[in-house]
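Asker: One structure, pasted below without further comment.
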Amino acid sequence: MSGASNPSQPMDPTGHEDPEKLAEFEQRIADGVLIEAGDWMPDAYRMGMLGMAEHHANSEIIGALPEGEWITRAPSMRRKLALTAKVQDEVGHGQMLYRVSQELGKSRDDMLRDLVTGKTKYHNCFNYPAPTWADIAMIQWLIDGAAIMNQKTLADGAYGPYVRTMNRINMEEAFHFKSGEDMVLTLMSGTPGQKKMTQEAFDRWWPVSLMFFGPADKPNAESRPPMRWRMKVERNDSLRQRFVNRFAPAAQDLGLTVNVVTKDDKGYVTSATPDEALMLDEATGNWSFTQPDWDEFWRVIRGNGPCNQHRLSLRRFSYEQGGWVRRAITSGTVSTPPAA
Amino acid sequence: MQDMLTNPTASLILAHADDKLMLGHVQSDWTGLGPILEEDIASSAMAQDDLSHALTLYEYLGNTYGLDPDVIAFERDPADYMCCDLTTQSDEFDWANSVVKRWLMAAFTQIAIERLSRHDDADLVARCGRILPEQNLQVTHLERWIKRLAQAGPESQARMQAALDRIAPLAGMVLEIPGRLVNDDDGYYCGREEIFKQWTDQLQITLQDAGLAATFTLPDRNVEGGRRGKHADHFHEQLTEMTEVRRIEPGAAW
Ligand SMILES: [Fe+2]
Ligand SMILES: [Fe+2]
């Protein structure tokens, strides 16, 4: 699951770079040549890619938590196996992305420590609660679905190691999405109680999915470094529109209602009314929709979301509990763990 | 269900399946929370193997007794679960407990499944044949970790020894005669002493290499614990959690 958000570093300063090298670098990108870890790159590019890959890695690791909490409760052997494998995949994505980040100059230890001390961030969507099994279905369907859309465009970027990682990850995300779709379909073909549970979970996750792609980009985004350097290749609003075009009709087909909701500070829905704006424009093929609550988005991203503390403290607890194992591994004669 | 629960061979298979279910259940919960990403991934893979092994044995019993494997896995009376006391032990979020417990179990199960694979039912033999290679990998992997952690300095040595001290006294109960409804007879679970010796001899070699110490005892045939449905409180909590979603809508598809 999860995708990288906008590159987090401010990306203007290239003034100190060698203009010839910079021009050559930008020409390579314009020519569609992939940049490799050992290639010359502007400092701002290195910092930006590192921030992006690290944020993405953090998101995979934290993203394992909400679903991980449901492994022990999965309602059949098949679901239990699939959910465990899914969460394991996300940890694997984190591992791959930390490796990409390591190559850009930050050690894994530093990254894991910065994550648990709150110095670095992870994707906002994992700060929301998953109180029922249907939430797990929604995460795999909507959030993995959104992640695939985002990561497919990221696989079209310019940084070789990140692009190759996206391609590998996306194959697994496709499985997660399929399994999510199957879970939602099963629940919506089930008892009235299961359908109700599913609609309520959908109400919780629909606005989170819309926020998934981040707020609207600046008007001149294409000419600013993240897009000019193909660190990202599509505007957030355009991704969001594609998401709605794909998922609003799919939800309706399944018997779900796209609602506009209000939530309390625990992330639970306090009111839900059908989104009157939801409509297909036949001419453009685009669905219009009501924007999510962007004030809430900023509140949550600043650390005041329903589950920020919970997720981070569990991650920190696991980091601390595992400290002796990491110390043992690095103090032993060999510095890598035995092969699986 | 009752036919299965009163049959000695079925009970033996069920005991192994329930061991695998509980081991997989507890270990899969570590996914995303392991001490090192690489080992998080590897141990989750082993948890999935254990759950798959449980499933293949439940499927075998399901075919034999006309039962849904999920019903066998999730819907028995707590007293009809035959997992041994070791497998339901909580890890208390301590990796040393997890490694020691899984190693003791994996080494035992390797021997037990190997024996089961000499059964005369071809389907059961084939299923055991698919379990064994993965079981062998688990033993190798976990043995390596036992030695590795025990030899990595005083801190981890002490933690491993402490886990062993905590867990080893329960270990012999893997050879408790399973099935509270099964009539005990002398032919049943033949070679109990022999299995115990084979298993603990193997354990002692690794312990010696690792610089750890433990004694194991084979409990009396009539001692009753998990395999005969006398479970510790934490098993009941685990089962309640495991069936929480299913119980919302009994009989529904999920
Ligand atoms: Fe995923
Ligand atoms: Fe992922």
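Asker: Pick from the stretch A:151-161 the residues that are more than 17 Å from A:Asp89 (Cα to Cα), in a helix (DSSP H, G or I) and not β-branched (Val, Ile, Thr): which of them is farthest from ligand 2 (Cβ to nearest atom)?
Answerer: Going residue by residue through the stretch A:151-161, those that are more than 17 Å from A:Asp89 (Cα to Cα) are A:152-161.
Still in the list and also in a helix (DSSP H, G or I): A:152-154, A:160-161.
Those still in the list that are not β-branched (Val, Ile, Thr) too: A:152, A:154, A:160-161.
Numbers: A:Lys152: 13, A:Leu154: 12, A:Gly160: 20, A:Pro161: 17 Å.
In this case the residue turns out to be A:Gly160.
Asker: Applying the selection to the stretch B:202-254, what residues are away from chain A (no Cβ under 13 Å), β-branched (Val, Ile, Thr) and part of a loop (DSSP other than H, G, I, E, B)?
Answerer: Result: B:Thr215, B:Thr217, B:Val223.
Asker: Just one of (1) of a type in the set (Lys, Arg); (2) crowded, with 19+ Cβ neighbours inside 10 Å; (3) away from chain A (no Cβ under 12 Å) trips up B:Arg180, so point out which.
Answerer: Here B:Arg180 clears every test but (2).
Asker: What tally of residues in the stretch A:312-335 results from selecting those that are more than 8 Å from chain B (Cβ to nearest Cβ), modelled with pLDDT of 95 or more and more than 17 Å from A:Pro66 (Cα to Cα)?
Answerer: Here is the first cut: in the stretch A:312-335, the residues more than 8 Å from chain B (Cβ to nearest Cβ) are A:312-313, A:315-316, A:319-320, A:330, A:333-335.
Still in the running and modelled with pLDDT of 95 or more: A:312-313, A:315-316, A:319-320.
In the following step, the residues that additionally are more than 17 Å from A:Pro66 (Cα to Cα) were identified as A:320.
Number satisfying all stated conditions: 1.
Asker: Please enumerate the residues belonging to the stretch B:157-166 that are touching a residue at least 40 places away in the same chain (Cβ under 8 Å) and either buried (at least 21 other Cβ atoms within 10 Å of the Cβ) or within 14 Å of chain A (Cβ to nearest Cβ) (or both). If you could, list the steps in order and put the result at the bottom.
Answerer: Of the residues in the stretch B:157-166, the ones touching a residue at least 40 places away in the same chain (Cβ under 8 Å) are B:157, B:159-166.
Across the stretch B:157-166, the qualifying residues are B:Gln157, B:Arg159, B:Met160, B:Gln161, B:Ala162, B:Ala163, B:Leu164.
Asker: Let me ask you something else. Just to check your reading of the model, which residue among B:Glu143, B:Glu155, B:Glu193, B:Glu176 is closer than 14 Å to B:Met105 by Cβ and out of contact with any Asp or Glu (no Cβ under 8 Å at 6 or more places or on another chain)? Spell out how you get there, then give the answer.
Answerer: Values: B:Glu155 fails: closer than 14 Å to B:Met105 by Cβ; B:Glu193 fails: closer than 14 Å to B:Met105 by Cβ; B:Glu176 fails: out of contact with any Asp or Glu (no Cβ under 8 Å at 6 or more places or on another chain).
None of the other options fit; the residue is B:Glu143.
Asker: Within 16 Å of ligand 2 (Cβ to nearest atom), of a type outside the set (S, T, N, Q) and under 30 Å from B:Thr240 (Cβ atoms) - does that describe any residue in the stretch A:91-113?
Answerer: For the stretch A:91-113, residues within 16 Å of ligand 2 (Cβ to nearest atom), of a type outside the set (S, T, N, Q) and under 30 Å from B:Thr240 (Cβ atoms): present.
Asker: Select, from A:Arg230, A:Arg240, the only residue that is outside any helix (DSSP H, G or I), modelled with pLDDT of 95 or more and away from ligand 1 (no atom under 16 Å from the Cβ).
Answerer: Of the residues listed, the single one that is outside any helix (DSSP H, G or I), modelled with pLDDT of 95 or more and away from ligand 1 (no atom under 16 Å from the Cβ) is A:Arg230.
Asker: A further question on this structure: Do we find a residue being open to solvent by 10 Å² or more (accessible area, probe 1.4 Å), closer than 30 Å to A:Leu185 by Cα and at the interface with chain B (Cβ under 9 Å from one of its Cβ atoms) anywhere in the stretch A:42-61?
Answerer: Checking the stretch A:42-61: not a single residue is open to solvent by 10 Å² or more (accessible area, probe 1.4 Å), closer than 30 Å to A:Leu185 by Cα and at the interface with chain B (Cβ under 9 Å from one of its Cβ atoms).
Asker: Let me ask something additional. Among (1) more than 14 Å from chain B (Cβ to nearest Cβ); (2) open to solvent by 10 Å² or more (accessible area, probe 1.4 Å); (3) part of a helix (DSSP H, G or I), where does A:Pro129 come up short?
Answerer: Result: A:Pro129 fails condition (3) only.
Asker: When the residues of the stretch A:269-310 are filtered to those that are in a loop (DSSP other than H, G, I, E, B) and within 18 Å of the chain's Cα centre (by Cα), which remaining residue is nearest to A:Ile61 (Cα to Cα)?
Answerer: A:Cys307
Asker: Now for a different question. For the stretch A:24-33, indicate whether the set of residues that are among the small types (Gly, Ala, Ser), over 25 Å from A:Asn170 (Cα atoms) and surrounded by fewer than 20 Cβ atoms within 10 Å (Cβ to Cβ) is non-empty.
Answerer: Scanning the stretch A:24-33, I find no residue that is among the small types (Gly, Ala, Ser), over 25 Å from A:Asn170 (Cα atoms) and surrounded by fewer than 20 Cβ atoms within 10 Å (Cβ to Cβ), so the answer is no.
Every residue, every condition in (1) within 25 Å of the chain's Cα centre (by Cα); (2) at pLDDT 95 or above; (3) part of a helix (DSSP H, G or I), yes or no:
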position: A:Ser2; (1), (2), (3): yes, no, no
position: A:Pro7; (1), (2), (3): yes, no, no
position: A:Pro10; (1), (2), (3): yes, no, no
position: A:Arg28; (1), (2), (3): no, yes, yes
position: A:Leu50; (1), (2), (3): yes, yes, yes
position: A:His55; (1), (2), (3): yes, yes, yes
position: A:Asn58; (1), (2), (3): yes, yes, yes
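Asker: Hey, does the stretch A:167-174 have a residue that's open to solvent by 10 Å² or more (accessible area, probe 1.4 Å), away from ligand 2 (no atom under 15 Å from the Cβ) and either within 14 Å of chain B (Cβ to nearest Cβ) or of a type outside the set (Gly, Ala, Ser) (or both)?
Answerer: Checked the stretch A:167-174: no residue is open to solvent by 10 Å² or more (accessible area, probe 1.4 Å), away from ligand 2 (no atom under 15 Å from the Cβ) and either within 14 Å of chain B (Cβ to nearest Cβ) or of a type outside the set (Gly, Ala, Ser) (or both).
Asker: Please tell me if A:Pro306 is modelled with pLDDT under 95 and surrounded by 15 or more Cβ atoms within 10 Å (Cβ to Cβ). Can you show your working first?
Answerer: On the way: modelled with pLDDT under 95: no; surrounded by 15 or more Cβ atoms within 10 Å (Cβ to Cβ): yes.
Here the answer is no, as A:Pro306 does not meet what is asked.
Asker: Let me ask something additional. Cβ-Cβ distance below 8 Å, separation of 6 or more or different chains: which pairs start in the stretch A:92-118 with a residue that is within 18 Å of A:Met41 (Cα to Cα) and end on one that is outside any loop (DSSP other than H, G, I, E, B) and hydroxyl-bearing (Ser, Thr, Tyr)?
Answerer: If the second residue must be outside any loop (DSSP other than H, G, I, E, B) and hydroxyl-bearing (Ser, Thr, Tyr), the pairs left are A:Val100/A:Tyr162; A:Val100/A:Thr165.
Asker: Cβ-Cβ below 8 Å, separation at least six or inter-chain, first residue in the stretch A:69-87 and closer than 12 Å to B:Ser52 by Cα, second within 16 Å of ligand 2 (Cβ to nearest atom) and part of a loop (DSSP other than H, G, I, E, B): which pairs?
Answerer: Close Cβ pairs satisfying both conditions: A:Thr84/B:Thr31.
Asker: Can A:Asp114 be described as surrounded by 24 or more Cβ atoms within 10 Å (Cβ to Cβ), among the charged types (D, E, K, R) and closer than 18 Å to A:Leu65 by Cα? Can you show your working first?
Answerer: Values: surrounded by 24 or more Cβ atoms within 10 Å (Cβ to Cβ): no; among the charged types (D, E, K, R): yes; closer than 18 Å to A:Leu65 by Cα: yes.
Taking the combined requirement at face value, the residue does not satisfy it.
Asker: Taking the stretch A:208-238, which residues are surrounded by 20 or more Cβ atoms within 10 Å (Cβ to Cβ) and under 18 Å from the mean Cα position of the chain (by Cα)?
Answerer: A:Val208, A:Ser209, A:Leu210, A:Met211, A:Phe212, A:Phe213, A:Gly214, A:Pro226, A:Met231, A:Lys232 - these are the residues of the stretch A:208-238 that are surrounded by 20 or more Cβ atoms within 10 Å (Cβ to Cβ) and under 18 Å from the mean Cα position of the chain (by Cα).
Asker: Then there is this: Kindly check whether there is at least one residue in the stretch A:132-154 that is closer than 26 Å to A:Asp264 by Cα and surrounded by fewer than 22 Cβ atoms within 10 Å (Cβ to Cβ).
Answerer: Yes, some residue in the stretch A:132-154 is closer than 26 Å to A:Asp264 by Cα and surrounded by fewer than 22 Cβ atoms within 10 Å (Cβ to Cβ).
Asker: Which condition number does B:Ala171 fail, the rest of (1) surrounded by 19 or more Cβ atoms within 10 Å (Cβ to Cβ); (2) in contact with an Asp or Glu (Cβ under 6 Å, 6 or more places away or on another chain) being met?
Answerer: Going through (1) surrounded by 19 or more Cβ atoms within 10 Å (Cβ to Cβ); (2) in contact with an Asp or Glu (Cβ under 6 Å, 6 or more places away or on another chain) one by one, B:Ala171 breaks only (2).
The values are calculated or read from the model by the stated rules, or taken from the named source; none is laboratory data. Remember, it's a predicted structure, so these values are computed and weren't measured experimentally. Ideal geometry is used to build each Cβ from the backbone, glycine not excepted, and the neighbour counts take in all protein chains shown. Ligands, DNA and RNA are excluded from the accessible area calculation, which covers all protein heavy atoms including side chains. Shrake-Rupley method; radii C 1.70, N 1.55, O 1.52, S 1.80 Å.
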